[in-house]
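Visitor: Dropping the structure in here first, questions after.
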Amino acid sequence: MSTTIALIAHDSQREELVSFVEENTVALSFYELIAPERTAQYLLQGTGVEVQVLSSLHHGGDIELAYRILQETEIAAVIFFLDPGFNLSSPEIQVLIRACNLQNVPLATNRATARAMLSGLTRSRSACLIFNPVSGTGNSQQDLVLIRQLLEPHIYLKVSFTTPTISAEQLAKEAVESGVDIVIASGGDGTVSAVAGAVMGTDIPLGIIPRGTANAFCMAMGIPGNIRGACNNIIAGLIRTVDIATCNARPMILLAGIGYEAETIDKADRETKQRWGALAYIMAGLQQLDEQVLFDTEIEIDGTISRVRSGAVTIANAAPATSILAQGLGEVIPNDGKLEVLIFAANQNENQKFTKVRAIAGMVELFGSALLKTGTQRDHMIGLRATNVKVKTEPPQKVVLDGEIIGTTPIEIQCIPNGLKILAPSVIPQTSDQNTETSEKAES
Ligand SMILES: Nc1ncnc2c1ncn2[C@@H]1O[C@H](COP(=O)(O)OP(=O)(O)OP(=O)(O)O)[C@@H](O)[C@H]1O
């Protein structure tokens, strides 16, 4: 794919070029820019954009550019703002006209043609894809090739990679500021949550291409779990508005878990997940059943304070049926303006262990209630709907937020009704019949 635009201006046209670049920052930000030395200096001073520098025109910059046009496929277009009195038979323009004609590369010589050319190059929608290369168990390089193959014919795509030091949230904020039409998160629930936090409250919809281990948010929203289906969902472009929440000022799309769920997720490290996939969580969960102890919990729900001993507290904004510890009310509704709160409470005289038999019985019942969409009847499970929830525990307990451990209690969670726009089918499927295969092959 051609990824570079060459920019050149005669001295009398440099201000015109600077103002053109400023006017088209978003469209141009999807391209590498190259320019001869003097134009490059002018652009850097005038706009701050990064430009790859060629030799000056007097020292063969035109020939260098013509060579790149002829030798490579990277040059998408040439914009050369000519002085109106310039002699068109001069060699510096002739060499470029000839190279562009030979390679069928568009060449614009004034602002009006440059504007028309750029809008022709830019697809109708632009998107920034925030890609976590270490998510899940698939082959991320192969995944990215397939994503590009599927999306680029329809959407102008800029790809940004997360690293251990560059977060998805940071990249998503930059994307929002650049004014793209869509921000796409590709990774596990942690990546999706971070990107959702940056688009929250804006009109920019969030597209999701799930490549994590659990992909719970996609399941809850009815977004296909395979790359092809998820890309088609983005291309279809149907926008839904759903609730989002904040937990200790961080974005929360799914749920916060205290106690059992947090300890389970903490045990399933990246190495185990890479090796075992979703089984890593089940193995960790079974081990945690033996180890989980009860803790004192003070929970404030919409201003009313209660105290219980509990082994697990879950506060959910959205959750698929498989998130069993969120299902005490039978169903987590993602656009009801409420959080679903479930507390696994214990009697005062109960021993310290969160006994395995009782826990398994409770979870089986929750699973059933989630599938049947009915509330649970067990007296040791307390289920409520609320907009504001504060939880303190003694001793402090680990907190998992959207699949990532964020620290320990206390936490404060607030629902933001209709705070997030997502690209998703209008009807959420009743069961999880989605294909969760993540590493599909690109078409050769
Ligand atoms: N390039 C990278 N190298 C190492 N870690 C990264 C990189 N990019 C992001 N991360 C880390 O990845 C984590 C988010 O992972 P994410 O939830 O997307 O995938 P996952 O953990 O594989 O999926 P799941 O939550 O479904 O198990 C964050 O903690 C983030 O710091």
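Visitor: In terms of the Cα gyration tensor, with a ≥ b ≥ c the square roots of its eigenvalues, is segment 65-112 rounded because a/c is under 1.5, prolate because a/b exceeds b/c, or oblate? Intermediate values should be presented prior to the final figure.
Guide: Details: a/c = 2.65, a/b = 1.55, b/c = 1.71.
The shape class here is oblate.
Visitor: Determine how large the accessible area of ARG68 is when every protein chain is in place; take a 1.4 Å probe and give Å² rounded to the nearest 10.
Guide: For ARG68, the solvent-accessible surface is approximately 40 Å².
Visitor: Applying 1/(1 + (r/R0)^6) with R0 = 56 Å to the Cβ-Cβ distance of ILE97 and ARG125, what FRET efficiency is obtained, to the nearest 0.05? Let's see the in-between values first.
Guide: Working: r = 32 Å, r/R0 = 0.58.
Efficiency at R0 = 56 Å is approximately 0.95.
Visitor: Still on this structure: Which value, in Å² and to the nearest 10, is the accessible area of HIS154 when all protein chains are kept and the probe is 1.4 Å?
Guide: Rounded to the nearest 10, that gives 80 Å².
Visitor: Could you sort LEU65, LEU70 by accessible area so the largest value comes first, with the probe set to 1.4 Å?
Guide: On the way: LEU65 0, LEU70 75 Å².
Accessible-area ranking of LEU65, LEU70, largest first: LEU70, LEU65.
Visitor: Express the Stokes-Einstein translational diffusion coefficient of segment 162-264 in µm² s⁻¹, to the nearest whole number, given a Kirkwood radius over alpha-carbon pairs, 10 °C and a viscosity of 1.306 mPa s. Before the final figure, lay out each step's value.
Guide: On the way: Rh = 14.2 Å.
For these conditions, the coefficient is 112 µm²/s.
Visitor: While we're on this one: Can you pull out the GluC sites (Glu not before Pro) in segment 53-98 whose DSSP state is coil and whose Cβ has at most 16 other Cβ atoms within 10 Å? The partial results should precede the final answer.
Guide: Details: sites: GLU64, GLU72, GLU74, GLU92; in loops: GLU72, GLU74.
Hits after loop and neighbour filter: GLU72, GLU74.
Visitor: If you don't mind, there's one more thing I want to ask. Sequence gap at least 6, Cα distance under 8 Å: using those rules, report the relative contact order of segment 10-102 to the nearest whole percent. Display every interim value, and only then the final one.
Guide: Working: 84 pairs, mean separation 27.4, N = 93.
This gives 29 percent for segment 10-102.
Visitor: Can you sort LEU44, LEU118 by 1.4 Å-probe accessible area, starting with the largest? If you can, show how the numbers build up before the last one.
Guide: Numbers: LEU44 100, LEU118 5 Å².
Largest to smallest exposure gives the sequence LEU44, LEU118.
Visitor: Considering only protein heavy atoms, with the full assembly of protein chains and a 1.4 angstrom probe, order THR191, THR387 by accessible area, largest first.
Guide: Ranking THR191, THR387 by accessible area, largest first, yields THR387, THR191.
Visitor: Note down the nm distance, to one decimal, between modelled labels 7 Å out along Cα→Cβ at ASN248 and at ASP203.
Guide: Those two pseudo-labels are separated by 3.6 nm.
The values are calculated or read from the model by the stated rules, or taken from the named source; none is laboratory data. The model shown is predicted, which means the values in this text are computed figures rather than measured ones. Neighbour counts are summed over all protein chains in view; Cβ atoms, including those assigned to glycine, are modelled from backbone coordinates with ideal geometry. Just the protein is used for accessible areas: all its heavy atoms, side chains included, with ligands, DNA and RNA removed. Shrake-Rupley method; radii C 1.70, N 1.55, O 1.52, S 1.80 Å.
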